[in-house]
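Participant: The structure is given below, and queries will be raised subsequently.
The values are calculated or read from the model by the stated rules, or taken from the named source; none is laboratory data. Note that the structure is predicted; figures quoted are calculated from it, not measured. So basically every Cβ, Gly included, is an ideal-geometry build from the backbone, and we count neighbours across all protein chains shown. With ligands, DNA and RNA removed, areas are computed over all heavy atoms of the protein, side chains included. Shrake-Rupley method; radii C 1.70, N 1.55, O 1.52, S 1.80 Å.
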Amino acid sequence: MKIPRKFLISSLCWRGLKTSFVKLSEAYQQAPDSLNAIDFAEVMRQVFAVPTAMSKRWYDEAAKEWVWISNNHIKISTIFDSDFPMAFSHLDNAPTLITYWGELNTADAPCVSVVGTRHPSRYSIEWMESELDAFFKVKKDLVVVSGGAHGVDQKAHFLALRNGRATVCLLPSGLAQIYPRDLINVKSEMLSTGGAIVSSLSPFAEMQKRFFLERNRYIANWSPLTFVVEAKRRSGTMITARWVKMLDRELAVLPCSPLVPGLGGLDLIIDGGALVIRDRYDLNQAFERSLVSCITRGLHGAGDEYQSPKIEC
């Protein structure tokens, strides 16, 4: 059995090999277009000084992954490919290989990331049904990015789908171990609107806490604007929000009452300089501001020659 070099070399990050892009590129250039176990062991020995026994284990693991990927019509993109998402290619400690169903069309359209609590209040859900839905209706080329978690994330995905908008779901697991499992029920709808379900992990990787942390960083970096709907002080949403600020992106927050458990959102407004969102018009202004900032600084995620439609008050 032979495995394409772009898959086999890039999947080394799944094996836990810590290396530089220079070394990875060297291995990629030395390898033939497809590799069997002997070819792979030779490249590993020459470039990384990996023992033959370990190379064999790595090859066997990669072979199982490649068979599953091929049988399930999974697409792959590596750091060596022209279609590798800029959200990863310009990020420190980024994955070198992603697997996905669907289309990664975010290079051609503006993006917004929407994240929040798994247990939103009734008021937040009603706001999303009214204001976020109206915002999505007007933004015809918008790509909505989130993590597929129950609560706010899934609500954002579903509102995007209801309006025929592409939505990208970044998983904290492999594609063979989709988390949460009920995402599989909307897979076909996500793909039919031009979206994607994306993983940076081995297809057989089960959800782990550390995978959430990395996934949240990718969500924060994917879009010029991240919109937070409710966030507890100790939560993954707050971690995502901190990444947004560290990555110098725009952060917007739907404020919450001090009487409900969601004070993290108020913390982001008071201490973190997040933009306050009251309605669809505030969200539109925040979005337009993020696009201008993104284009000015040459960052990805604003789309090509994007021209915004007006939201009438």
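Participant: Output the residues belonging to region 193-215 that are of a type outside the set (A, V, I, L, M), farther than 21 Å from residue 135 by Cα and open to solvent by 10 Å² or more (accessible area, probe 1.4 Å).
Facilitator: 200, 202, 204, 206, 208, 209, 210, 211, 212, 214, 215
Participant: While we're looking at this one, here's another question. Tell me, which residue of region 178-191 that is exposed (fewer than 12 other Cβ atoms within 10 Å of the Cβ) and of a type outside the set (Val, Ile, Thr) is nearest to residue 73 (Cα to Cα)?
Facilitator: 188
Participant: Now for a different question. Can you confirm whether residue 135 is open to solvent by less than 10 Å² (accessible area, probe 1.4 Å) and in contact (Cβ under 8 Å) with a residue 40 or more places away in the chain?
Facilitator: It is true that residue 135 is open to solvent by less than 10 Å² (accessible area, probe 1.4 Å) and in contact (Cβ under 8 Å) with a residue 40 or more places away in the chain.
Participant: For the subset of region 20-54 comprising residues that are among the polar types (S, T, N, Q) and outside any helix (DSSP H, G or I), which member is farthest from residue 8 (Cα to Cα)? Full working, then the answer.
Facilitator: First, the residues of region 20-54 that are among the polar types (S, T, N, Q): 20, 25, 29-30, 34, 36, 46, 52.
Checking the rest, the ones that are also outside any helix (DSSP H, G or I) come to 20, 34, 36.
Working: 20: 16, 34: 9, 36: 10 Å.
Going through the qualifying residues, I end up with 20.
Participant: Is it the case, given these coordinates, that residue 76 is under 30 Å from residue 291 (Cα atoms), open to solvent by less than 50 Å² (accessible area, probe 1.4 Å) and of a type in the set (A, V, I, L, M)?
Facilitator: It is true that residue 76 is under 30 Å from residue 291 (Cα atoms), open to solvent by less than 50 Å² (accessible area, probe 1.4 Å) and of a type in the set (A, V, I, L, M).
Participant: Pairs only if they're at least six apart or on different chains, beta carbon under 7 angstrom, first in region 81-94 and farther than 17 Å from residue 220 by Cα, second of a type outside the set (A, V, I, L, M, F, W, C) and assigned to a helix (DSSP H, G or I); list them, first residue then second.
Facilitator: The qualifying pairs are 81/6.
Participant: So how many residues does region 56-73 have that are closer than 11 Å to residue 8 by Cβ and either in contact with a Leu (Cβ under 6 Å, 6 or more places away or on another chain) or crowded, with 18+ Cβ neighbours inside 10 Å (or both)? Spell out the reasoning first.
Facilitator: Initially, region 56-73 is screened for residues closer than 11 Å to residue 8 by Cβ, giving 58-59, 61-63, 65-66.
Adding the requirement that they be either in contact with a Leu (Cβ under 6 Å, 6 or more places away or on another chain) or crowded, with 18+ Cβ neighbours inside 10 Å (or both) leaves 58-59, 62, 65-66.
Summing the residues that are closer than 11 Å to residue 8 by Cβ and either in contact with a Leu (Cβ under 6 Å, 6 or more places away or on another chain) or crowded, with 18+ Cβ neighbours inside 10 Å (or both) in region 56-73 gives 5.
Participant: Select from region 236-256 the residues that are surrounded by fewer than 24 Cβ atoms within 10 Å (Cβ to Cβ) and closer than 22 Å to residue 178 by Cβ and list them in ascending order.
Facilitator: Correct list: 236, 239.
Participant: Out of region 157-171, which residues are surrounded by 21 or more Cβ atoms within 10 Å (Cβ to Cβ) and either over 19 Å from residue 229 (Cα atoms) or within 8 Å of the chain's Cα centre (by Cα) (or both)?
Facilitator: 165, 166, 168, 169, 170, 171
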